[in-house]
Amino acid sequence: MTLVLPPRLTASARALRDSARRRGLRTVRLPDHEVPEGLRGGSAYLHAGPSFADVVAPALGVAPLEAPADWLARLPAAFVRREIRAVPIREAYGLRRPVFVKSPNDKGIPALVYADGSRLPGPDAVDPETMVLVSDVVAFDAEYRLYLLDGLVHTGSRYATSGRPHLAPLSAAAHAFGTELLAAAGHTLPSAIVVDVGVTAEGHWAVVEANAAWASGCYASDPDRALDVVLRAAGPAARLAERDSPFVR
């Protein structure tokens, strides 16, 4: 088993690399997008950003899992506490109020509060049919990352308070909200995924967003347990479980 990593390693990637080595996995840091013949179509696993993964995953024979692009928009209102729509960016151009806009599963459209739709990247830079998530602007007092595996909260941590980085262990309340979310909507997610949740300024728990585990920072999460999720989320396509096939990127 080999964990493949990108040229530049974040602190999270280094923690996962070290965890992989402790359990006897080989780790390979690719210097560029070229995949050596010995890694092609084998038993590789991947931890990397979306743009790098899009190039190397097919050559590696890896099946990266992610949430459906419109997953957040389809959640019941009680789990998001704001209006969220998945629309082509051409539709978002007509908005004339402040909104939070982001790409569903990558960073193609920067995740920002835009004063109105005219501030979004224009059709000269983005295909007008590109899907974006458009939501009301909500302030979160505290935000947590949950690593989810087989319908359970496997590990997690706090990563921000009042919009600023602030690492801490996972709280019991965040764990409980994640468990509630999985009971209601776990079937709409792959078996291995990261979901960020938070407490709003009004004191309500809400889902912030879903992220691919193979492209996520683990913050103060247990790196060994985070690695469990990463290995499931970006492993050999030949070992893909049937229930996960609809969630391959």
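Quick look at the numbers
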{"item": "Filtered residues of the stretch 144-157 (kept if crowded, with 20+ Cβ neighbours inside 10 Å and either over 24 Å from A241 (Cβ atoms) or among the acidic types (D, E) (or both))", "result": "Y144, S157"}
{"item": "Answer residue from the stretch 207-224, given it is surrounded by fewer than 22 Cβ atoms within 10 Å (Cβ to Cβ) and of a type in the set (A, V, I, L, M, F, W, C) and is farthest from A73 (Cα to Cα) among those", "result": "A220"}
{"item": "One residue from G178, G186 being of a type in the set (G, A, S) and over 17 Å from E143 (Cα atoms)", "result": "G186"}
{"item": "Scope the stretch 126-164; condition outside any strand (DSSP E or B) and not β-branched (V, I, T); matching residues", "result": "D127, P128, E129, D136, A139, D150, G151, S162, G163"}
{"item": "Cβ pairs under 8 Å, 6+ apart, first in the stretch 52-77 and under 26 Å from T2 (Cβ atoms), second modelled with pLDDT under 95 and charged (D, E, K, R)", "result": "A59/R40; L60/R40; G61/R40"}
{"item": "Selection count where residues are touching a Leu at 6+ places or on another chain (Cβ under 9 Å) and either aliphatic (A, V, I, L, M) or not in a helix (DSSP H, G or I) (or both), scope the stretch 174-204", "result": "14"}
{"item": "Of all residues in the stretch 107-117 being surrounded by fewer than 18 Cβ atoms within 10 Å (Cβ to Cβ) and touching a Lys or Arg at 6+ places or on another chain (Cβ under 8 Å), the one that is nearest to A139 (Cα to Cα)", "result": "L112"}
{"item": "Selection within the stretch 65-84 - within 18 Å of M131 (Cβ to Cβ) and under 19 Å from the mean Cα position of the chain (by Cα)", "result": "E66, A67, P68, A69, D70, W71, L72, A73, R74, L75, V80, I84"}
{"item": "Qualifying position, being surrounded by fewer than 17 Cβ atoms within 10 Å (Cβ to Cβ), modelled with pLDDT under 95, more than 23 Å from A77 (Cα to Cα) and over 16 Å from the mean Cα position of the chain (by Cα), among A201, A168, A238", "result": "A238"}
{"item": "Among (1) at pLDDT below 95; (2) closer than 19 Å to L148 by Cα - the single one E66 does not satisfy", "result": "(1)"}
{"item": "In the stretch 206-226, the residues that are part of a loop (DSSP other than H, G, I, E, B) and closer than 22 Å to V248 by Cα", "result": "A212, S216, G217, C218"}
{"item": "Flag for A20 being among the small types (G, A, S) and touching a residue at least 60 places away in the same chain (Cβ under 8 Å)", "result": "yes"}
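The values are calculated or read from the model by the stated rules, or taken from the named source; none is laboratory data. From a predicted model like this one, the values you see are computed outputs, not experimental measurements. All Cβ positions, glycine included, derive from the backbone under ideal geometry; neighbour counts span all protein chains shown.
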